[in-house]
Amino acid sequence: MTEKCGVVGVSLDGRDAARPLYYALYALQHRGQESAGIITHDGFQQHSHVEMGLVGEVFDESDLDVLNGTAGIGHVRYPTAGSVDSSCAQPFSVSFKSGSLGLSHNGNLVNADEIRDELAGVGHAFTSDGDTEVIAHDLARNLLEEDLVRAVKHTMGRIHGSYALTISHDDTVLGVRDPQGNRPLCLGKLEDGYILASESAAIDTLDGDLVRDVRPGELIVLEKDGQGYDSYQLVENDNTAHCFFEHVYFARPDSVIDETLVYEARRNLGRRLWEESGVETDVVMPVPDSGRAFASGYADAASETTADGEMREEDDDGVEFAEGLMKNRYVGRTFIMPTQDERERAVRLKLNPIKSTVEGKTVTLIDDSIVRGTTSTQLVQLLKDCGAAEVHMRIGAPEIVAPCYMGIDMATREELIASDKTVDQIRTAIDAESLAYLSTDSVADVLGKDRIDLCLGCVTGNYPYEIDGEETDRDVTRPELGDQPMYADD
Ligand code: SF4
């Protein structure tokens with residue numbers, strides 16, 4: 001499971017934007033490893049450098065030296081299979097009669113094909129099959145007739161789906177979040193300007209301060225030369241649809257989303273996991289690195305109460321927390337290995353158990369998710385091969401039963417082990433003594449949200465957007481595209 005994109009935008013007072021953008025992209029590298037790019041504007045012309053590869057591979061000193069200008073945007077991307085080529089690398093740029101546009105997008109539109117067909121019918125030529133280009137062309141078209149804020153509002157009325165965008169219109173930088181706020185976007189203050197970024201860790205990297213999350217349906221316009229920002233609430237919506245997996249899996253633990261440190265949210269989910277399905281074992285062990293915060297919260301809660309919810313006696317230390325699986329940091333991420341056979345070998349390359357921490361012991365292994373079940377099966381087997389007497393598996397999120405259509409590269413429904421198996425069947429498949437997931441209600445409760453304000457599509461099969469062949473859990477009716485004319489009367 002991988003996040004597909006990270007976005008950033010800065011406006012600075014007298015300092016070139018290229019290097020801050022480059023460092024911010026480094027901080028967002030976990031959100032996309034296939035391509036990286038920066039677009040800047042120096043007040044006269046736009047400069048762009050976008051290539052396939054990691055941030056450190058895509059840019060060198062000479063590339064950054066020619067990205068002139070105090071305003072700019074950046075992007076890191078992980079494309080889905082089938083579109084692994086440079087035509088979908090971002091930021092996407094368009095030049096048109098009234099200037100130049102750059103666009104970085106995290107998310108996925110559900111009506112991109114409709115808008116592409118309509119724009120192609122009136123002469124727009126598309127160079128990629130990506131939905132970002134659709135947004136760029138629609139916005140460029142509106143900008144021929146309207147001012148910036150009206151043009152963005154007009155485009156927001158036409159595009160549907162999930163999007164967190166950073167946009168450059170000449171040397172003005174904008175940030176936009178879809179009306180349900182599915183993907184994260186936050187605003188930060190730097191010493192000499194402002195920054196918009198997918199995660200606050202990028203703001204920290206530049207020694208900035210997090211101001212706040214960009215609100216769902218909000219447009220933020222950074223003033224030129226980093227002097228301030230303007231906010232426009234362009235679309236109001238009754239409910240949000242924040243992706244709960246950002247808190248569980250995708251975002252960096254040191255990022256703050258919805259005013260909560262992701263690390264703390266994961267620890268609290270781990271605590272709730274103990275309260276909901278704790279099992280007394282000798283050792284609690286995280287799957288590194290994904291299960292670490294959950295396991296720490298779980299073990300903390302286990303040191304306070306028994307699995308039955310009783311306070312522990314003073315001489316009862318509860319369960320031991322141990323790092324029993326060591327990670328080989330020089331092995332690439334397993335998801336880039338395409339075949340099942342290679343994936344299985346990758347787990348053994350990546351993790352090695354410390355025999356003395358597991359031999360003869362009952363072990364609770366904690367992770368944040370089970371996707372195909374391959375990794376969990378391998379890990380349970382590894383621990384048993386090292387002499388673990390029993391292995392109990394606990395997962396800090398509900399079962400993933402359905403794919404994501406909102407910008408996460410997840411397995412297909414057929415590949416998801418929980419799509420057609422009960423928890424007990426999965427337990428049997430991974431050969432654990434017991435298996436429990438955190439309930440959906442607990443996730444919402446711990447994150448301090450009503451269920452209806454979260455996207456839970458991949459764990460419930462009910463999506464917050466209209467998706468062909470899938471169920472929805474809310475009113476997603478939207479005007480026909482024909483009711484949203486290409487040019488607004490306003
Ligand atoms: S379907 Fe799952 S991964 Fe996708 S946005 Fe919704 S909660 Fe996030």
Checklist entry - Got a sec to turn the phi values of segment 163-174 into Karplus ³J(HN,Hα) couplings, 6.51 cos²θ - 1.76 cosθ + 1.60 with θ = phi - 60°, whole Hz, x for Gly and Pro? => result 7, 10, 10, 10, 10, 10, 10, 6, 9, 9, 10, 10
Next on the checklist: Between segment 134-167 and segment 220-245, what is the separation of their alpha carbon centroids in Å?
Outcome noted: 14
Next on the checklist: Placing one identical point scatterer on every Cα of segment 1-114 and ignoring solvent, what is log10 I(q)/I(0) from the Debye formula at q = 0.10, 0.12, 0.18, 0.22 Å⁻¹?
Outcome noted: -0.27, -0.39, -0.85, -1.20
Checklist outcome for this item: For the chain, longest principal axis from Cα atoms; helix 18-27 axis from its Cα atoms; angle between them, nearest 10 degrees, is 20
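Which links in K350/K384; K4/K421; K355/K384 stretch past 20 Å when you go from one Cα to the other?
Working: K350/K384 17 Å; K4/K421 27 Å; K355/K384 10 Å.
Cα-Cα > 20 Å for K4/K421; rest within.
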Item to check | Rounded if a/c under 1.5, otherwise prolate or oblate - segment 260-454, Cα gyration tensor axes | outcome: oblate
Checklist outcome for this item: Summing +1 per Lys or Arg and -1 per Asp or Glu among the other residues with Cβ less than 11 Å from Y163's Cβ gives 0
Item to check | Between 0 and 90°, nearest 10: helix 112-121 axis offset from the chain longest Cα axis | outcome: 20
Checklist outcome for this item: For the chain (alpha-carbon point model, no solvent) the Debye-based log₁₀ I(q)/I(0) at q = 0.06, 0.09, 0.11 Å⁻¹ works out to -0.28, -0.63, -0.90
Next on the checklist: Could you give each residue of segment 183-191 its phi-based ³J(HN,Hα) in whole Hz, using Karplus coefficients 6.51, -1.76, 1.60 with θ = phi - 60°, and x for Gly or Pro?
Outcome noted: 9, x, 7, 10, 10, x, 10, 9, 4
Checklist entry - Per residue, what volume in Å³ does the Cα convex hull of segment 195-341 take up? => result 212
Checklist entry - Just how large is the dipole of the chain about the Cα centre, in debye to the nearest 20, putting +1 at every Lys and Arg Cβ and -1 at every Asp and Glu Cβ? => result 960
Checklist outcome for this item: Longest principal axis of the chain (C-alpha) makes with the long axis of helix 340-350 (C-alpha) an angle, in degrees to the nearest 10, of 70
Item to check | Charged-residue dipole, Cβ positions (Lys, Arg, Asp, Glu), segment 260-454 about Cα centre, Debye nearest 20 | outcome: 1120
Next on the checklist: Looking at the chain, identify the longest residue range that excludes and avoids all trypsin sites (Lys or Arg not before Pro) in DSSP loops having at most 12 other Cβ atoms within 10 Å.
Outcome noted: 98-328
Checklist outcome for this item: proj_area_mean for segment 2-239 (convex hull on C-alpha atoms), units nm², value 11.5
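To one decimal place, what Kirkwood hydrodynamic radius in Å is obtained for segment 428-477 from all pairs of distinct Cα atoms? Before the final figure, lay out the partial values.
Numbers: mean 1/r = 0.0781 Å⁻¹.
Hydrodynamic radius (Kirkwood, Cα pairs) of segment 428-477 is 12.8 Å.
Given DSSP loops and a limit of at most 14 other Cβ atoms within 10 Å, what is the longest stretch of the chain that contains no such chymotrypsin sites (Phe, Trp or Tyr not before Pro)? It would help to have the intermediate numbers written out before the result.
Details: sites that count: F44, F126, Y330, Y487.
Answer from the scan: 127-329.
None of the figures in this text is laboratory data; all of them are computed from the coordinates on show. Predicted, not measured: the structure shown is a model, and the values here were computed from it. Virtual Cβ from ideal backbone geometry, glycine too; neighbours counted across all protein chains shown.
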